[in-house]
1. Is there a residue in region B:100-113 that is open to solvent by less than 50 Å² (accessible area, probe 1.4 Å), among the charged types (D, E, K, R) and either more than 8 Å from chain A (Cβ to nearest Cβ) or not in a helix (DSSP H, G or I) (or both)?
2. Quick one: B:ARG132 ticks every box in (1) at pLDDT 90 or above; (2) more than 9 Å from chain A (Cβ to nearest Cβ) except a single one, so which number is it?
3. Could you please let me know if A:GLU188 is of a type in the set (Asp, Glu) and open to solvent by less than 20 Å² (accessible area, probe 1.4 Å)?
4. So for region A:50-59 (the condition being under 20 Å from A:SER186 (Cα atoms) and within 15 Å of ligand 1 (Cβ to nearest atom)), does at least one residue qualify?
5. Here are A:THR197, A:THR167: which of them is within 16 Å of ligand 2 (Cβ to nearest atom), touching a Leu at 6+ places or on another chain (Cβ under 7 Å) and touching a residue at least 24 places away in the same chain (Cβ under 8 Å)?
6. Let me spell it out: the conditions are (1) away from every other protein chain (no Cβ under 12 Å); (2) without any contact (Cβ under 8 Å) to a residue 12 or more places away in the chain; (3) within 24 Å of A:SER220 (Cβ to Cβ), and B:LEU145 meets all of them except one. Which number is the exception?
7. So which residues in region B:71-85 are of a type in the set (Gly, Ala, Ser) and surrounded by 14 or more Cβ atoms within 10 Å (Cβ to Cβ)?
Amino acid sequence: MTQLQARDVVRSYGRTPALRGVTLDLDEGEILAVTGPSGCGKSTLLHCLAGILRPDSGEVTWRGERIDTWSEAARSRLRRTEFGVLFQFGQLVAELTAAENVALPLLLAGTGRREARAVAASWLDRLGVGEVADVRPGEMSGGQQQRCAAARALVTGPRVLFADEPTGALDTLAGEQLLTTLVRLSREKGTSVVLVTHEPRIAAYADREVVLRDGTVDHSGLGVPSTGGHR
Amino acid sequence: MSEVSTPHVLLGLLASGGRHGYELKRAYDARLPQARPLAFGQVYATLGRLERDGMVAVTGQERDGGPDRTTYALTDEGRAALDRWLSDVEPPLPYVASTLLAKVVVALLVADVDRARSCLVAQRQAHTARLRELTGVKHAPSATLDDVVAADYAIAHLDADLRWLATTLDRVADWHREVHP
Ligand SMILES: Nc1ncnc2c1ncn2[C@@H]1O[C@H](COP(=O)(O)OP(=O)(O)OP(=O)(O)O)[C@@H](O)[C@H]1O
Ligand SMILES: [Mg+2]
């Protein structure tokens with residue numbers, strides 16, 4: 001079932017066009033890789049789909065409802081409850097420990113302090129970094145930070161995970177470990193994933209691959225159609 | 001990619017003790033899961049040559065009406081040859097003699113940009129399909145570390161080819177202009 005949809009999404013930064021009319025669907029539970037050369041609009045598309053950026057024209061639809069017309073407050077509530085976001089560099093809060101970072105989205109959603117801490121700890125375990133719960137980001141390896149950031153993105157049980165070059169700062173083995181964990185969790189929980197990457201070997205984990213070129217979806221045969229494996 | 005040196009792999013498989021041809025074939029296929037499976041004929045032909053050259057010796061022969069069960073073992077000479085081979089560092093390939101590269105160069109020479117591009121796109125599809133297949137092989141619950149390491153090797157090379165294909169797709173129009181001024 002289609003969960004998230006972009007219809008003819010156009011977006012520019014001042015006079016620089018980033019998206020020139022992108023249409024795509026994301027199924028429930030589907031892992032979708034978005035690839036393409038640097039500057040083709042991958043991050044902009046991810047931001048539009050996640051309701052972080054508003055398209056100049058076109059529509060973004062979440063479970064049948066247009067969200068691009070929603071207010072910033074409403075979109076931000078949607079992001080807190082239904083979406084998780086993971087960037088290339090974890091962007092953890094430097095002053096907080098791993099467990100505090102992961103608990104943050106729960107506290108913002110009104111969960112009690114004690115419960116938030118317990119859930120955060122269980123997510124750190126699930127991502128294989130339970131041992132750094134009381135450590136601040138500055139004292140963790142890049143791979144550990146990225147796993148904490150993944151735990152933070154997943155802690156609220158989002159229906160979609162948006163990941164922008166999540167393995168970009170990791171070596172091959174660390175990247176592969178993070179990705180296999182994300183794939184496993186996505187399959188267990190039925191979480192959809194939008195995976196922006198420039199690495200063919202990372203895109204190979206997705207159910208489908210969409211290639212962007214110059215702000216549009218490439219239809220010349222570069223993408224990989226769905227194997228339907230997520231259903 | 002260079003061919004597997006079958007004689008040296010067989011010497012290596014005999015290093016831990018004598019085996020007969022069938023066992024050697026099985027061990028070879030298990031240890032090098034992404035290599036072309038070894039034909040029986042090739043096992044016996046290679047063992048024959050290694051025996052002639054004094055690298056292996058026949059240490060037993062069971063023949064109870066069943067298949068040939070000649071057991072081979074490594075000789076001192078064979079062990080020395082194996083040591084030498086392991087100590088020789090493989091030189092990075094001096095020439096890039098890839099059929100893939102040659103085909104794209106020729107496509108660009110004899111055809112237009114679109115033909116060269118569609119050749120690259122088709123190649124990318126084939127490589128991507130294989131990459132996905134190997135990713136599946138590697139993460140299958142039954143995968144051994146032999147499988148994982150062999151798949152890693154193939155995946156790293158496919159990944160490199162795919163990056164090259166993507167870069168070349170970006171260059172193909174400029175490249176065509178340069179070749180056909
Ligand atoms: N904040 C910004 N201000 C101005 N231009 C921007 C901004 N962000 C992106 N752009 C431009 O929009 C286009 C698309 O950028 P985007 O970041 O979406 O590409 P990308 O595919 O994610 O690239 P990369 O692989 O390098 O991350 C580019 O031309 C870029 O220069
Ligand atoms: Mg980007």
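The values are calculated or read from the model by the stated rules, or taken from the named source; none is laboratory data. Quick caveat, the model's predicted, so the values are computed rather than measured. Methodologically, a virtual Cβ is constructed for each residue, glycine included, from the backbone with ideal geometry; neighbour enumeration extends over all protein chains shown. Just the protein is used for accessible areas: all its heavy atoms, side chains included, with ligands, DNA and RNA removed. Shrake-Rupley method; radii C 1.70, N 1.55, O 1.52, S 1.80 Å.
1. No; the residues of region B:100-113 include none that is open to solvent by less than 50 Å² (accessible area, probe 1.4 Å), among the charged types (D, E, K, R) and either more than 8 Å from chain A (Cβ to nearest Cβ) or not in a helix (DSSP H, G or I) (or both).
2. (2)
3. no
4. yes
5. A:THR167 is the lone residue from the list that is within 16 Å of ligand 2 (Cβ to nearest atom), touching a Leu at 6+ places or on another chain (Cβ under 7 Å) and touching a residue at least 24 places away in the same chain (Cβ under 8 Å).
6. (3)
7. Selection gives B:ALA73, B:GLY78, B:ALA81.
Yes or no, residue by residue, for (1) in a helix (DSSP H, G or I); (2) of a type in the set (A, V, I, L, M); (3) without any contact (Cβ under 8 Å) to a residue 24 or more places away in the chain:
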position: A:PRO105; (1), (2), (3): yes, no, no
position: A:ALA118; (1), (2), (3): yes, yes, yes
position: A:THR156; (1), (2), (3): no, no, no
position: A:GLU188; (1), (2), (3): yes, no, yes
